[in-house]
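This report refers to the structure that appears directly beneath it.
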Amino acid sequence: MEPKLARIVVPARHGKAVRLRANEALKIINTHGTQVVDCWAWNAYDLDEFMCMETTRVWNQRLNPLVGDSFVTNRRNPILTVIADSSPGIHDTFMAACDRRRYELLGVKAYHRNCCDNMFEGMLELGVTPRRQNLASFNIFMNIRVKPDGNGLLTLPTESKPGDAITMRAEMDCFVALSACPQDIVKIHGAHDSTPKDVELEILRENVASSPVRGPWVPSE
Ligand SMILES: [Zn+2]
């Protein structure tokens, strides 16, 4: 029987970060099935190297990752690889993380918690301060669809279910920050309940699947 792993709770509307060694993995569990989780990662020894959605789309030639796909950094080095996903596999690499200004533009007058501040909150708990915010997060469980015209975008509620989880293996020693997105105006969480909820994390230190990292896409001719 597998040993029971300690779970780290990311409270609704808040952030957490973890440090992973290469070949360890992080499982992100959608406890209630309704929550979107923003994710960032950095080289543990050089915060100027960070997980990058633009280079990742070039590397994989896909809008959004599938199991077996790697995320690469702004220096095009693999940093995280998706090794398991029990959710419907619907995630997003396009939408900017929410920040304070986003809520002002949505008409919120007072301070509204947001993913960008949560990223700093999570990293600060580890004693680390990224030099800048990065709006290009990996938005786990977020359901953004391209319209049939191939251009327009649809923002839809997540199709995740309670207990769905995605597991990503570290390809280098890295920090990973997560935010249980506080969005409660745009309906991105559950179709019937868009209230932000807790999610949980598990760090897998041993016996992580050692699938090969696929190289970058190159044109065949
Ligand atoms: Zn957010």
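Any read-out appearing in this document is the output of simple, stated calculations on the displayed coordinates, not a laboratory observation. Keep in mind that what you see is a predicted model, and the values were worked out from it rather than measured. With ideal geometry, Cβ positions are generated from the backbone for all residues, glycine too; neighbour counts draw on all protein chains shown.
Counting other beta carbons within 10 Å of each Cβ, put S179, S137, S87 in order, fewest first. Don't skip to the end; give the middle numbers.
Working: S179 32, S137 28, S87 20.
So the residues, fewest neighbours to most, are S87, S137, S179.
Excluding same-chain pairs closer than 8 in sequence, count the lysine pairs in segment 8-204 whose Cα atoms lie under 28 Å apart.
Final tally of qualifying lysine pairs is 15.
Net charge within 15 Å of K161 by Cβ-Cβ distance, Lys/Arg positive one each and Asp/Glu negative one each, not counting K161 itself?
Details: positive: K197; negative: D85, E159, D164, D193, E200.
Local charge sum for K161: -4.
Give me the net charge of R145's neighbourhood, meaning all other residues with Cβ under 15 Å from the Cβ of R145; Lys, Arg count +1, Asp, Glu -1.
Result for the local shell: 0.
So which residue, out of I185, I28, I144, gets the largest mean-square fluctuation from a GNM of the chain using Cα contacts under 10 Å as springs?
The residue with the greatest mean-square fluctuation here is I185.
Roughly how many whole Å is it from the C-alpha centroid of segment 138-163 to that of segment 29-91?
Using only Cα atoms to place each centre, the spacing works out to 16 Å.
Suppose a student asked you for the relative contact order of segment 8-204, using Cα pairs under 8 Å spaced at least 6 residues apart; what percent would you report?
Details: 518 pairs, mean separation 88.6, N = 197.
45 percent.
With a ≥ b ≥ c taken as the square roots of the eigenvalues of the C-alpha gyration tensor of the chain, please select rounded if a/c is under 1.5 and otherwise prolate if a/b is larger than b/c or oblate if it is not?
Working: a/c = 1.32, a/b = 1.17, b/c = 1.13.
It comes out rounded by the Cα gyration axes.
Please state the relative contact order of segment 1-117 as a whole percent: Cα pairs under 8 Å, 6+ residues apart? The partial results should precede the final answer.
Details: 106 pairs, mean separation 22.6, N = 117.
In percent, rounded to a whole number, it is 19.
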